[in-house]
């Protein structure tokens with residue numbers, strides 16, 4: 001398994017990066033925010049190229065707040081601010097998730113968060 005960071009820049013960029021990486025792998029997945037460049041066209045392109053897509057609506061920070069037991073906010077900007085306040089860092093910072101999120105938190109949250117459940121299933125962590 002190889003994990004690559006597309007560095008955001010919208011759902012379209014993340015899906016395009018995943019498609020580029022797909023050559024040489026038997027499966028490729030992409031976790032992305034839906035607040036920028038997410039459309040039916042981008043979704044169609046990803047599916048056509050066999051990309052497993054995991055949409056964090058509206059953003060990764062909202063998904064992580066939900067996993068942590070906090071209600072996600074309506075906008076990506078509000079979620080990013082709330083995440084920064086609660087965890088004293090940005091979601092993409094190396095080791096921040098490992099520092100603040102336990103396996104037990106993920107296991108408990110997966111039954112109520114479809115995106116998380118699908119992502120964990122894709123990594124072979126059956127519920």
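Computed from the coordinates by the stated procedures, all read-outs in this text should not be read as laboratory data. Everything numeric in this text was worked out from a predicted model, so none of it was measured. Cβ coordinates were reconstructed from backbone atoms using ideal geometry, including for glycine residues, and neighbour counts include every protein chain displayed.
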_What do you get for the angle between helix 76-87 and the principal long axis of the chain? Use alpha-carbon atoms, 0 to 90 degrees, nearest ten._
50
*Exposure proxy ranking, count of Cβ atoms within 10 Å, fewest first, for 67, 19, 3*: 3, 19, 67
*Pull out the extension gain between residue 70 and residue 5, defined as 0.36 nm times the separation in residues minus the alpha carbon to alpha carbon distance; nm, one decimal.*
20.8 nm
_Run the helix sum for the chain: -39,500 (n - 2.57) per DSSP H stretch of 4+ residues, divided by residue count, reported at 222 nm to the nearest 500 deg cm²/dmol._
-13500 deg cm²/dmol
_Computed over region 59-117: relative contact order in percent, which uses C-alpha pairs under 8 Å that are six or more apart_ = 28
_Inter-site label distance for residue 26 and residue 103 at 7 Å from Cα along Cβ, in nm_ = 2.4
*By how many degrees, 0 to 90 and rounded to 10, does the Cα axis of helix 11-22 deviate from the longest principal axis of the chain?*
60
_Rounded FRET efficiency, nearest 0.05, which uses the C-beta distance separating residue 77 from residue 44 and R0 of 25 Å_ = 0.35
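Which shape class, rounded, prolate or oblate, goes with the chain when its Cα gyration tensor gives a ≥ b ≥ c as root eigenvalues, a/c under 1.5 marks rounded, and past that a/b bigger than b/c marks prolate?
It comes out prolate by the Cα gyration axes.
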*Which whole-number percent is the relative contact order of the chain (Cα, under 8 Å, 6+ apart)?*
17
*Anisotropy class of region 59-117 from Cα gyration tensor, a/c 1.5 cut*: oblate
*When the chain is modelled as a GNM with alpha-carbon springs shorter than 10 Å, which of 64, 52, 21 fluctuates the most?*
21
